[in-house]
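The values are calculated or read from the model by the stated rules, or taken from the named source; none is laboratory data. Owing to the predicted nature of the structure, the values given are computational and were not obtained by experimental measurement. Please note: Cβ atoms are built from the backbone with ideal geometry, for glycine as well, and neighbour counts cover all protein chains shown. To get the accessible areas, we keep the full protein, side chains included, count just its heavy atoms, and leave off ligands, DNA and RNA. Shrake-Rupley method; radii C 1.70, N 1.55, O 1.52, S 1.80 Å.
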There are 2 protein chains.
Amino acid sequence: MAMSNDKSMRLDPWGTSDIKDYSELFELFGIEPIENLIKKISDPGHYFRRNIIFGHRELGKIMNAIEKNEEYAVMSGIKPTGALHLGSKMTAEEIIYFQSLSKKSKAFYAIADVEAYCDNGLPFSETAEIAVNNLADILALGLEPERAYVYKQSEEIRVMNLALIFSRKVTKNTIEAIYGERPFGLYLSALVQAGDILLPQLEDFGGPKPVLVPVGADQDPHIRLTRDLARKHHNEFKFILPSATYHKLIRSLTGDYKMSKRDPMSLLTLDDPPDLAKKKVMNCYTGGRETISEQKKYGGEPEKCVPYELCLFHFCKGDEKVKEMYQECGQGGRTCGDCKAEIAEIVANFLSEHQRKKRSLIQTAQRLLERD
Amino acid sequence: MAMSNDKSMRLDPWGTSDIKDYSELFELFGIEPIENLIKKISDPGHYFRRNIIFGHRELGKIMNAIEKNEEYAVMSGIKPTGALHLGSKMTAEEIIYFQSLSKKSKAFYAIADVEAYCDNGLPFSETAEIAVNNLADILALGLEPERAYVYKQSEEIRVMNLALIFSRKVTKNTIEAIYGERPFGLYLSALVQAGDILLPQLEDFGGPKPVLVPVGADQDPHIRLTRDLARKHHNEFKFILPSATYHKLIRSLTGDYKMSKRDPMSLLTLDDPPDLAKKKVMNCYTGGRETISEQKKYGGEPEKCVPYELCLFHFCKGDEKVKEMYQECGQGGRTCGDCKAEIAEIVANFLSEHQRKKRSLIQTAQRLLERD
């Protein structure tokens, strides 16, 4: 959805949200800017430091729980349809970051295999294998398996029961106001996701507690619906309204916000062989000028550049290094070919190392998924 | 819903359907009259013989399976909110009758405990006890436990997964055309019921087979929706369109079609102490005249009379006895007081005997419900 000044702006969790001005979300939807809270975090991750996580709802509840050494949960979901791409890596690293901040944390991961069946026609036997592979990636990124609950949608009846319970107190008006007019099945998906988000607060998991859901900015409709349902069902479940952080959306390698799994060159995945990943980076849309002489004269435009975004969001650990690249590029001190080659090398090294770690974690992933 | 000549008549599975002219359903909804098929049944039950089951959809599929000694299923559901009333007894006896016709049959019973929680606020701990009690009634009525699969909605994830899958191919238009404009939660209930009806055809239960759903006439919307979904998902599941039989609706003891659990004198349950049941029968709405002399002169009106309906639908085994009562009453040969006392005695005897049998079946009911 293109950004506009129109106050009727609607975020689309199932479509493409090209959100150019994230600050507008503060005013429109009541998302809070992150700046005030970030000072309280002793060791903010790079997503915070680089303002990639730009907003939140009630993150303070989580910070309080950490401070007081009280239980909290952090949750997300993945649809097991293929290799993990960079968008899922970002969410996974947020989960891992918040899991790491306290021994009282628990991470919840929903594997949306029923959705994968409905939307992508993948049978459970196939999604079960993909889920193991995806989870091994998340473990390699740093998920602590001992404080994680990972479950398949097709096996977690408590989530389905919550969806059914919620359906009784959601009106067509509420759901249409949040999502617009949609096929019936997507409304139901939304209720199941609300079930996923509120599952950590059931008695079976120790009862009501703060829960953080790190999401892309386009997923806010799910957060609003879930908070509304948590409020409506407070008497029965004593739900605490879930918190959320919002990150900026990463573009495809071709420079737009529409990720297409049909065009494998348009996105990087954690399963890409390092050499293929290099080729993908070399093919990226950049912020370079038409000619090298123009580039030297006017400088490049790093804010338009996908390889720069790869560094900023994902692959460059040091803030100084990123700042240096940005400045050098803007001052004409970099040419795209050399710059991409440098970044391609960083990406390939990351993937080699990641895939090495991951191979040793496949069995842990299997164990986590077959726990029952 | 009151009957009308208006072709826009809509059956209401969640409300009161006062269907005076059942034959109209043949024309409006394509329900077939039972007469043609009944001749093929070697020993038709009293619901057939007395035209209480007045219609069907594709009952022939079940008759064929019986004839060819092939597998088929018969299914129903109960909402465990209290003692079993006469409406549920009727469905249970139909299930039992069709289960008894072949050793290749299997009876499925869904215990709608999530619905009981949503609609009636009953926690699972409470509905679990009620379900055992209800199931003991059904066993006492004759359900063969070895060829029965009884499950709680809150534990049967396969039904929920089907509901989620179906939700993707059901449009708002289809569901509104069948049910009218309804709260969102009732649409979802309808999809869960479609999941219940199609569960016996999953591979886990031996794959596609004819399935019979005996229902009250007001439940036909669920049957139509489910047949539509079975058709739409034929490629994936090879579903055979489910069959149905339709029975007439029994009135409350006060003579209307609105059963109110809030007024315990308005309906008989299988848990009623025989003496209380006698009182209820003595309080029934009858087809009697204002005075005894009028009754003798004009005769009573058995077609309006609830005690007569109790005999016809439930408590008089012999067709001759029922016919005799009908004729005697119409000719003024019976007074309501004596007649009710006679019927009260029959009802009380039935309940004593039923409750005696039931007590010995509580453990079997527990075992069936805790099978996993």
| said: Report the Cα centroid-to-centroid distance between region B:212-278 and region A:228-272 in angstrom, as an integer. | reply: 43
| query | What is the magnitude of the charge dipole of region A:245-284 about its Cα centre, with +1 placed on the Cβ of each Lys and Arg, -1 on the Cβ of each Asp and Glu, and no other charges, expressed in debye to the nearest 20? | reply | 140
| query | Roughly how many Å² of A:Arg289 are accessible to a 1.4 Å probe, to the nearest 10? | reply | 80
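Assuming 0.36 nm per residue, please report the length gained on full extension of the stretch B:Ala341 to B:Asn173 beyond their Cα-Cα distance.
55.2 nm
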| For region B:102-146 versus region B:34-85, the gap between their alpha-carbon centres in whole angstrom | 20
| task | Let me know the charge dipole size of region B:264-359 about its Cα centre in debye, to the nearest 20, where only the beta-carbon of Lys, Arg (+1) and Asp, Glu (-1) is charged. | result | 280
| note | Given Cβ charges of +1 for Lys and Arg and -1 for Asp and Glu, the option among B:Thr269, B:Cys316, B:Tyr285 whose Cα lies farthest towards the positive end of the dipole of region B:264-372 is B:Thr269
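Mind putting a number on the dipole of region B:2-249 about its Cα centre? Charges go on the C-beta only, +1 for Lys and Arg and -1 for Asp and Glu, and I need it in Debye to the nearest 20. Please list the in-between numbers first.
On the way: 29 positive and 34 negative charges, 145 e Å.
So the dipole magnitude of region B:2-249 works out to roughly 700 debye.
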| request: Output the relative contact order of region A:196-350, whole-number percent, from Cα pairs under 8 angstrom with separation of 6+ residues. | output: 18
| note | Placing +1 on each Lys and Arg Cβ and -1 on each Asp and Glu Cβ in the protein assembly as shown, then taking the dipole about the Cα centre, the residue among A:Pro200, A:Ser352, A:Gln363 whose Cα reaches farthest towards the positive end is A:Gln363
| note | Here the cysteines of chain B lacking a cysteine partner under 4.7 Å (Cβ to Cβ) are B:Cys118, B:Cys284, B:Cys305, B:Cys329, B:Cys336, B:Cys339
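List the pairs from B:Lys89/B:Lys280; A:Lys317/A:Lys357; A:Lys89/A:Lys169; A:Lys296/A:Lys340 whose alpha-carbon separation is above 23 Å, in the order I gave them. Mind dumping the intermediate values first?
Details: B:Lys89/B:Lys280 17 Å; A:Lys317/A:Lys357 18 Å; A:Lys89/A:Lys169 34 Å; A:Lys296/A:Lys340 16 Å.
Going by Cα-Cα distance, A:Lys89/A:Lys169 fall outside the 23 Å limit.
Once R0 is set to 45 Å, what does the formula 1/(1 + (r/R0)^6) return for the Cβ-Cβ distance between B:Lys104 and A:Asp319, expressed as a FRET efficiency to the nearest 0.05?
Numbers: r = 72 Å, r/R0 = 1.60.
Rounded to the nearest 0.05, the efficiency is 0.05.
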| request: May I ask for the percentage of alpha-carbon pairs in chain A that lie more than 37 Å from each other? | output: 19
| query | With each label point set 7 Å from Cα along the Cα-Cβ vector, what nm distance links A:Leu28 and B:Leu28? | reply | 4.7
| task | Give the shape of region A:88-174 as rounded, prolate or oblate, defined through the alpha-carbon gyration tensor: a ≥ b ≥ c are the square roots of its eigenvalues, a/c under 1.5 means rounded, and otherwise the shape is prolate if a/b is larger than b/c and oblate if not. | result | oblate
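Could you quote the convex hull projected area for the protein assembly as shown, Cα atoms only and averaged over all directions, in nm²? Could the numbers behind the result be given before it?
Values: hull surface 149.5 nm².
Taking a quarter of the hull surface, the average projection is 37.4 nm².
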| message | At 1.4 Å probe size, put A:Met160, A:Met265 in order of accessible surface, largest to smallest. | response | A:Met265, A:Met160
| remark: For region B:150-198, the percent of accessible surface on carbon and sulfur atoms (probe 1.4 angstrom, ligands and nucleic acids excluded) is 50
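Quick check for you: with a 1.4 Å probe and neighbouring chains kept, what is the accessible area per residue of chain B, in Å²?
On the way: 15960 Å² over 372 residues.
Averaged over the residues of chain B, the accessible area is 43 Å².
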| Spacing of the two label points (7 Å from each Cα toward its C-beta) at A:Met265 and B:Glu294, in nm | 9.3
| said: If the reach is capped at under 21 angstrom between alpha carbons, list the lysines near A:Lys209, excluding any in the same chain fewer than eight residues apart. | reply: A:Lys40, A:Lys61, A:Lys68, A:Lys103, A:Lys104, A:Lys106, A:Lys232, A:Lys238
| message | Please compute the average number of Cβ atoms from other chains found within 10 Å of each residue's Cβ in peptide A:106-119. | response | 2
| said: Need one number: buried accessible surface between chains A and B, 1.4 Å probe, both sides summed, DNA, RNA and ligands left out, in Å² to 100. | reply: 2700
| request: Partner chain Cβ atoms within 10 Å, averaged over the residues of A:153-164 - can you pull that number for me? | output: 6
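Using mean Cβ contacts within 10 Å as the protection proxy, how do A:165-174, B:207-216, B:313-322 order, highest first? Before the final figure, lay out the partial values.
Working: A:165-174: 18.0, B:207-216: 22.2, B:313-322: 15.4.
Ranked by mean Cβ neighbours within 10 Å, highest first: B:207-216, A:165-174, B:313-322.
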| said: I'm a student and want to see the number: the projected area of the Cα convex hull of region A:144-265, averaged over all directions, in nm². | reply: 9.6
| Kirkwood Rh in Å, taken over region B:259-372 so that all alpha-carbon pairs contribute | 15.6
| query | Short version: ³J(HN,Hα) in whole Hz for each residue of region B:329-337, in order, from phi by Karplus 6.51 cos²θ - 1.76 cosθ + 1.60 (θ = phi - 60°), x for Gly and Pro, what are they? | reply | 4, x, 8, x, x, 10, 9, 4, x
| said: Once you place label points 7 Å from the Cα toward the Cβ at B:Asn283 and B:Ile38, how far apart are they in nm? | reply: 3.4
| remark: Within 10 Å of the Cβ of an average residue in B:183-191, the count of other chain Cβ atoms is 6
| said: Quick check on chain B: helices-only [θ] at 222 nm, where DSSP H runs of length 4 and up contribute -39,500 (n - 2.57) each and the sum goes over total residues. Nearest 500, please. | reply: -14000 deg cm²/dmol
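Using a 1.4 angstrom probe on heavy atoms only, work out the carbon and sulfur share of the accessible area of region A:264-359 in %. Walk me through the numbers on the way to the answer.
Numbers: 2620 of 5010 Å².
Ligands and nucleic acids excluded, carbon and sulfur reach 52 percent.
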